[in-house]
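Data block below; observations after.
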Amino acid sequence: MVAYAYVAQFPAEVEKLVVMDAFLPGVAGWEAVYNNPAIWHFRFNGPTPKALVQGRERIYFEHFWNNFAVDKTCSIPEAGRKAYAAAYARPGRIRAGWAYFVSFQQAAKDFAQLSHTKLTMPVLSIGDEEVTGKCACTTNEIGGNEHNCGSAQRHGTLDPGRKSKGRDRRTDEVSLRPFWNGHGFSRAPPHHKKCGLYS
């Protein structure tokens, strides 16, 4: 979201844009993801959610680390989990984290206006068709020079036509180097595969 907001306002300062695994509030198609009842955390904020999570930060984050993970056995190591839970257990931290989602409503108003002017630089949108291919971060919606994204990924999906859930694929199986070098888009070689999170 930050990258798109910057590019839309200062296009002369940016040569290329990559949007990964996200929708852009306010840009056509975003409501389908935002209103998906299975993705409840966008609206999970305020005093009652805070009371439910307080002292249980680890349980809250385990949902994302395990259920959104490509492979929950190697999503985030134990040391990292402890560090995240401890950090968000500090006063004001969980509220500040949730403020990002609260900001979606204002971002939607801002992006709706910004999206009237299509981007002219090359834009690569990467994501699972179940999420990205049906929502706002496709290159069709925000503009961009699509031919640099590669013909198989014109709409920004890793596997066009594949009806998969985002958590079934690895977000880090892609190499952005060809796109930055002006040669389109490709998956990374098998030896570059690692565990990763979808989200």
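For the stretch 108-136, give me each residue that is loosely packed, with under 15 Cβ neighbours inside 10 Å and either at pLDDT below 85 or part of a helix (DSSP H, G or I) (or both).
109, 113
Within this structure, residue 68 fails the test of being out of contact with any strand residue (DSSP E or B) (no Cβ under 7 Å at 6 or more places or on another chain) and among the aromatic types (Phe, Trp, Tyr).
Does residue 57 fit the bill of being surrounded by 16 or more Cβ atoms within 10 Å (Cβ to Cβ) and over 20 Å from the mean Cα position of the chain (by Cα)?
Working: surrounded by 16 or more Cβ atoms within 10 Å (Cβ to Cβ): yes; over 20 Å from the mean Cα position of the chain (by Cα): yes.
Against the criterion (surrounded by 16 or more Cβ atoms within 10 Å (Cβ to Cβ) and over 20 Å from the mean Cα position of the chain (by Cα)), residue 57 qualifies.
Of the set (1) exposed (fewer than 15 other Cβ atoms within 10 Å of the Cβ); (2) at pLDDT below 95, all apply to residue 99 but (2).
Tell me which residues, restricted to the stretch 75-107, are in a helix (DSSP H, G or I) and touching a helix residue (DSSP H, G or I) at 6+ places or on another chain (Cβ under 7 Å).
81, 84, 85, 87, 88, 89, 93, 94, 95, 97, 101, 104
Check 52, 24 and return the single one that is out of contact with any strand residue (DSSP E or B) (no Cβ under 6 Å at 6 or more places or on another chain), of a type in the set (A, V, I, L, M) and assigned by TED's automatic domain parsing to the domain that holds residue 123. Outline the logic, then answer.
Values: 52 fails: assigned by TED's automatic domain parsing to the domain that holds residue 123.
Going through 52, 24 in turn, just one is out of contact with any strand residue (DSSP E or B) (no Cβ under 6 Å at 6 or more places or on another chain), of a type in the set (A, V, I, L, M) and assigned by TED's automatic domain parsing to the domain that holds residue 123: 24.
In the stretch 1-33, how many residues are hydroxyl-bearing (Ser, Thr, Tyr) and in contact with a Pro (Cβ under 7 Å, 6 or more places away or on another chain)? Quick ask: steps written out before the conclusion?
If we filter the stretch 1-33 for residues that are hydroxyl-bearing (Ser, Thr, Tyr), which is where we start, we get 4, 6.
With the extra rule that they be in contact with a Pro (Cβ under 7 Å, 6 or more places away or on another chain), the set shrinks to none.
Of the residues in the stretch 1-33, 0 are hydroxyl-bearing (Ser, Thr, Tyr) and in contact with a Pro (Cβ under 7 Å, 6 or more places away or on another chain).
The values are calculated or read from the model by the stated rules, or taken from the named source; none is laboratory data. Remember, it's a predicted structure, so these values are computed and weren't measured experimentally. Every residue, glycine as well, gets a Cβ built from its backbone with ideal geometry; the counts of neighbours run over all protein chains shown.
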